[in-house]
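Note sheet for the following structure.
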Ligand SMILES: *Cc1c(COP(=O)(O)O)cnc(C)c1O
């Protein structure tokens, strides 16, 4: 499928300098997927790409997915659908039709139909998609799992590393929501590269939420490290410590992060570095997976950018 991003060929690495990295002799490069597109940011394009292809192949005319009121996935889906000539719809968790979030308002303006469900109905509906994602041959709607978390999503995410110039990074790090992106990185990494996922969910353990069925048999799991301690209280939870940290990173390096995913990822990397987790002298690749639009739900003035 032809891509719409002129930036895809020139997407760059930003050097992230930090006093801790200097102390431990680490070079840190940030893959700036946040600069891919103003709406379809970060990892979301990669996760959607093969669903769009599937929809085209199966002559579907509508892409339907799931998400919450601030979902980066849904807003990316709305815009990608529009650009590729599909209509789109979303099941929204929670029945708060009044006072729509910026995210949902914008998605609606892009033509996305919003279908509100109670939490229970939403969870039921979501489960059926995970169980039988491609069952509905009659309908012209393609149902995409929440967060693009399925085989197509993983396949697209595997291509992310092809954007990185051939620098021998010993570590590849990303934030983990559904684990789809991490699964792609694990499948795409070289045999000696260590892959580190920072879970933004509370209560995950082991390689959760990554599903084993997403991983190639050859993927070396001994190179995979999941960090479960830097979720700051759970999904979309934040604190003054996190926001101050994000402001400091921006002031020092010019790299903006979001409070749901990448802020926690960056925080975790500095913490791990300070605890001597990374071998001294190593080069580290950090995936900036975008998501900056989500910062609009913070109280005004929380961030300096
Ligand atoms: C969606 C999202 C993630 C999580 O990706 P998964 O593939 O669901 O793990 C990480 N970072 C940002 C900015 C996101 O929007």
When restricted to 281, 291, the only residue buried (at least 16 other Cβ atoms within 10 Å of the Cβ), at positive phi and touching a strand residue (DSSP E or B) at 6+ places or on another chain (Cβ under 9 Å) is 291
The one condition residue 91 fails out of (1) in a strand (DSSP E or B); (2) surrounded by fewer than 17 Cβ atoms within 10 Å (Cβ to Cβ) is (2)
Only one of (1) crowded, with 17+ Cβ neighbours inside 10 Å; (2) within 13 Å of the ligand (Cβ to nearest atom) does not apply to residue 224, and that is (2)
Restricted to the range 225-242 and to residues being touching a residue at least 40 places away in the same chain (Cβ under 8 Å) and in contact with a helix residue (DSSP H, G or I) (Cβ under 7 Å, 6 or more places away or on another chain), the residue farthest from residue 292 (Cα to Cα) is 227
Taking the range 192-210 and keeping only residues that are in contact with a helix residue (DSSP H, G or I) (Cβ under 9 Å, 6 or more places away or on another chain), closer than 19 Å to residue 291 by Cβ and more than 12 Å from the ligand (Cβ to nearest atom), one is left with 196
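So that you can scan it fast, the table gives a plain yes or no per residue for (1) in a loop (DSSP other than H, G, I, E, B); (2) within 15 Å of the ligand (Cβ to nearest atom); (3) at positive phi; (4) modelled with pLDDT of 95 or more:
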residue	(1), (2), (3), (4)
7	no, no, no, no
20	no, no, no, yes
30	no, yes, no, yes
45	no, yes, no, no
70	yes, yes, no, no
74	no, yes, no, yes
77	no, yes, no, yes
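Residue-wise test of (1) without any contact (Cβ under 8 Å) to a residue 12 or more places away in the chain; (2) closer than 19 Å to residue 143 by Cα.
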{"residue": "57", "(1), (2)": "yes, yes"}
{"residue": "62", "(1), (2)": "no, yes"}
{"residue": "72", "(1), (2)": "no, yes"}
{"residue": "77", "(1), (2)": "no, yes"}
{"residue": "88", "(1), (2)": "no, yes"}
{"residue": "95", "(1), (2)": "no, no"}
{"residue": "98", "(1), (2)": "yes, no"}
Picking from 166, 183, 189, the residue that is surrounded by 18 or more Cβ atoms within 10 Å (Cβ to Cβ), away from the ligand (no atom under 14 Å from the Cβ) and free of Cβ contacts under 8 Å to residues at least 60 places away in the same chain would be 189
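The values are calculated or read from the model by the stated rules, or taken from the named source; none is laboratory data. Keep in mind it's a predicted model, so treat the numbers as computed, not measured. We place every Cβ from the backbone using ideal geometry, glycine too, and count neighbours over all the protein chains shown.
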